[in-house]
Number of protein chains: 2
Amino acid sequence: MPDPSARSMRGKVSRLIGIIIPDLTNPFFSELVQSAEQAAARHGYNIIVMTSFDHAAKEADRIGQLTSRKVDGIILVPSNDFHTLKLPKGLPIVIVDRLLPGYSGIAADHRSGVRLGVEHLVKLGHRRIGFISGPKDSVPANDRLKGYLDAMELACDGEQNAAPLIAEAAFDYESGRSAGNYLLARARHERPTAIFASSDQQAIGCMRAAHDLGIPIPAALSIVGFDGIPLASMTTPRLTTVKQPIQEIAAAAVAVLLSKQDAPGLGKPLLLGCEISEGETTSSPQPD
Amino acid sequence: MPDPSARSMRGKVSRLIGIIIPDLTNPFFSELVQSAEQAAARHGYNIIVMTSFDHAAKEADRIGQLTSRKVDGIILVPSNDFHTLKLPKGLPIVIVDRLLPGYSGIAADHRSGVRLGVEHLVKLGHRRIGFISGPKDSVPANDRLKGYLDAMELACDGEQNAAPLIAEAAFDYESGRSAGNYLLARARHERPTAIFASSDQQAIGCMRAAHDLGIPIPAALSIVGFDGIPLASMTTPRLTTVKQPIQEIAAAAVAVLLSKQDAPGLGKPLLLGCEISEGETTSSPQPD
DNA sequence: TTGTAGGCGTTATCAT
DNA sequence: ATGATAACGCCTACAA
């Protein structure tokens, strides 16, 4: 069998793809890596994983390593702690999930996905719908917020009481919990009858907050999450959530790299649709 | 900067380590991979990840790929669906977590870890302690079972009522849930006052079963899990669990590979200690 | 001490 | 068509 090192020295192909993610412990990213590995394997490619821990300096270092390794392309989920990302030209990089303004990339359509979830709640009869948003400086977080506002504006059409109720938070469990506490700490007739959380982990934290306040789910509060991680189906009750098309994202990223095109549509991101995964945390609102 | 392909052709070192795991979606394995990546990075090594999906044929294929890639070593979590594992000699492989009888390897000390957890329950006053075991053909599952039996025998010393209550199950959430239902479906004075589950996912499934049966945790039932995955601290109430030393396992595996020794202690596995992570699912038993 | 040649395994190209 | 050869970049070993 041929020696890949020799081939890659002679020709210009290493059949190696690098993937840089902020944190492999995050189930969203581990599923992304796994899907990328499968997609790459289908083309005879292997994957080198690296973690940036959301640290821009580490990220730059990893890009350098992969470059000198002569990988054929890099799948990059940029660190949050972003600054100017200097891309080594000549090496195709596809940015995934956390799109950077001005760059092209591939991601779920967060905005329409959230809208889907909120509209699900609206259809059930909810009007006072709270929203736990992500960090202000995160592009996907802002897209999700827009989806919420889109849906609320539509629901508002002709009705007064669909004012937005927003709590800003990080994406993790603890932040979701305190955001939930904040949204729910008011009299019953002012309190939201449903909450949409920008991540499943937030949603689960919010479930905890509701539980601690003695608010039964879904009887007195409906909750919808976002992401569709395996964890969502392990809660009690099972979380209703908006599932991101992780496999499709990974497959598209690999396809772009192997087609040697720098980007899908030249600076225009490719957005893939989400779908609702119904759990047990949503029902019609009880009359006050 | 040097070209790794050239170096690896000239010398015999690729500074690449392969890691083969059954499923990256399993939080235990994703943490293992992340830890391995960090440990390897400290030595200037990079990691190629591959997934076997617990399929022996795929596993063999991945080993072949890594061999021809000239990786300097392989970290292998063997697929469950094991058969004879033919190791390409000359290429150091370290078996991790799921030790194979006859091979050396590195893993948590499951037996003493479980004993630790069960003894925690005994100290709280529990005697009717149920155990959700893993699949019969899994080596770690059997080690965990032994740890339970060890602890129960000790607790039994001079007391009659510490008869083992065992339910066999797979390691996942659903199996833990049905095992929990099985153990709890009896009159209160016969029902266990505490359950030790062989995995956190089982434990969380079991919490769900208890919840569905109207059994409050920890008031009427204490639960302890095993693994220490992040998920354990996101349940309501937070799961008490026995944490595996994942980072240490990964670091040791990398160290073994880089030291070019085939194994720690020649056929004798290296076992690393676990520790208890206290949550909110344990308390002293209520009098019947 | 400093410098240079050879060979690792491929594959592309060129010559027979 | 088939086979020989050079070049990819680095490292080691040997020579000046």
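Close contacts from the range B:1-15, counting a first residue that is under 16 Å from B:Gly44 (Cβ atoms) and a second that is at pLDDT 90 or above and within 12 Å of DNA strand C (Cβ to nearest atom), with Cβ to Cβ under 6 Å and a gap of 6+ residues or different chains, come to none at all. In summary, B:Ala219 fulfils each of the numbered conditions (1) surrounded by 16 or more Cβ atoms within 10 Å (Cβ to Cβ); (2) part of a loop (DSSP other than H, G, I, E, B); (3) in contact (Cβ under 8 Å) with a residue 40 or more places away in the chain; (4) not basic (Lys, Arg) with the single exception of condition (1). Residues in the range B:39-51 that are more than 7 Å from chain A (Cβ to nearest Cβ) and either more than 19 Å from A:Lys58 (Cα to Cα) or not basic (Lys, Arg) (or both): B:Ala39, B:Ala40, B:Ala41, B:His43, B:Gly44, B:Tyr45.
Which residue, of B:Ala232, B:Ala252, is in contact (Cβ under 8 Å) with a residue 12 or more places away in the chain, assigned by TED's automatic domain parsing to the domain that holds B:Ala40 and outside any loop (DSSP other than H, G, I, E, B)?
Working: B:Ala232 fails: assigned by TED's automatic domain parsing to the domain that holds B:Ala40.
Answer to the selection: B:Ala252.
One residue is enough: does the range A:24-41 have a residue meeting the conditions within 16 Å of DNA strand C (Cβ to nearest atom) and at pLDDT 90 or above? No, the range A:24-41 has no match at all. Of the residues making up the range B:39-68, those that are in contact with a Ser or Thr (Cβ under 7 Å, 6 or more places away or on another chain) and of a type outside the set (A, V, I, L, M, F, W, C) are B:Ser52, B:Asp54, B:His55, B:Lys58, B:Glu59, B:Arg62.
Would you mind finding the one in A:Ala151, A:Ala141, A:Ala108, A:Ala155 that is crowded, with 23+ Cβ neighbours inside 10 Å and under 26 Å from A:Glu190 (Cβ atoms)? Give the steps one after another, and end with the answer.
On the way: A:Ala141 fails: crowded, with 23+ Cβ neighbours inside 10 Å; A:Ala108 fails: under 26 Å from A:Glu190 (Cβ atoms); A:Ala155 fails: crowded, with 23+ Cβ neighbours inside 10 Å.
Of the residues listed, the single one that is crowded, with 23+ Cβ neighbours inside 10 Å and under 26 Å from A:Glu190 (Cβ atoms) is A:Ala151.
Scanning the range B:171-199 for residues that are facing chain A (nearest Cβ under 10 Å) and either among the aromatic types (Phe, Trp, Tyr) or in contact (Cβ under 8 Å) with a residue 40 or more places away in the chain (or both) returns B:Tyr173, B:Gly176. The condition (being outside any helix (DSSP H, G or I), basic (Lys, Arg) and touching a strand residue (DSSP E or B) at 6+ places or on another chain (Cβ under 9 Å)) is satisfied by just one residue among B:Arg186, B:Arg191: B:Arg191. Whenever a residue of the range B:66-78 is over 17 Å from A:Ile17 (Cα atoms), its partners that are polar (S, T, N, Q) and part of a loop (DSSP other than H, G, I, E, B), lying with C-beta atoms within less than 7 angstrom and at least six residues away or across chains, give the pairs B:Asp72/B:Ser14. Farther than 24 Å from B:Leu24 by Cα and away from DNA strand C (no atom under 16 Å from the Cβ): does that describe A:Thr51? No: the conditions fail for A:Thr51.
Tally up the residues in the range A:1-23 that are within 16 Å of DNA strand C (Cβ to nearest atom) and either crowded, with 21+ Cβ neighbours inside 10 Å or under 24 Å from the mean Cα position of the chain (by Cα) (or both), please. Write out each step before concluding.
Going through the range A:1-23, the residues within 16 Å of DNA strand C (Cβ to nearest atom) turn out to be A:1-16.
Filter once more, keeping what is either crowded, with 21+ Cβ neighbours inside 10 Å or under 24 Å from the mean Cα position of the chain (by Cα) (or both): A:4-5, A:8, A:14, A:16.
Qualifying residue count for the region: 5.
Checking each residue in the range A:1-38 for being facing chain B (nearest Cβ under 8 Å) and closer than 26 Å to A:Lys243 by Cα picks out A:Asp23, A:Leu24, A:Thr25, A:Pro27, A:Ser30, A:Glu31, A:Val33, A:Gln34, A:Glu37, A:Gln38.
Scanning the range B:92-102 for residues that are surrounded by 17 or more Cβ atoms within 10 Å (Cβ to Cβ) and in a loop (DSSP other than H, G, I, E, B), we see that the one that is nearest to the chain's Cα centre (by Cα) is B:Asp97. For the range B:239-250, does any single residue satisfy the condition of being small (Gly, Ala, Ser), under 30 Å from B:Val71 (Cα atoms) and within 21 Å of the chain's Cα centre (by Cα)? Looking through the range B:239-250, at least one residue is small (Gly, Ala, Ser), under 30 Å from B:Val71 (Cα atoms) and within 21 Å of the chain's Cα centre (by Cα). Quick check on the range B:197-215: of everything there that is in contact with a helix residue (DSSP H, G or I) (Cβ under 8 Å, 6 or more places away or on another chain) and in a loop (DSSP other than H, G, I, E, B), which residue is surrounded by the most Cβ atoms within 10 Å (Cβ to Cβ)? Of everything passing the filter in the range B:197-215, B:Ser198 is surrounded by the most Cβ atoms within 10 Å (Cβ to Cβ).
Taking the conditions exactly as written (out of contact with any His (no Cβ under 6 Å at 6 or more places or on another chain) and within 15 Å of A:Ala194 (Cβ to Cβ)), does A:Ala141 satisfy them or not?
Answer is no for this residue.
Would you check which residues across the range A:1-46 are among the basic types (Lys, Arg) and within 16 Å of DNA strand D (Cβ to nearest atom) and list them? Those that are among the basic types (Lys, Arg) and within 16 Å of DNA strand D (Cβ to nearest atom): A:Arg7, A:Arg10, A:Lys12, A:Arg15.
The values are calculated or read from the model by the stated rules, or taken from the named source; none is laboratory data. Computed from a predicted model, the values in this text were never measured in an experiment. We place every Cβ from the backbone using ideal geometry, glycine too, and count neighbours over all the protein chains shown.
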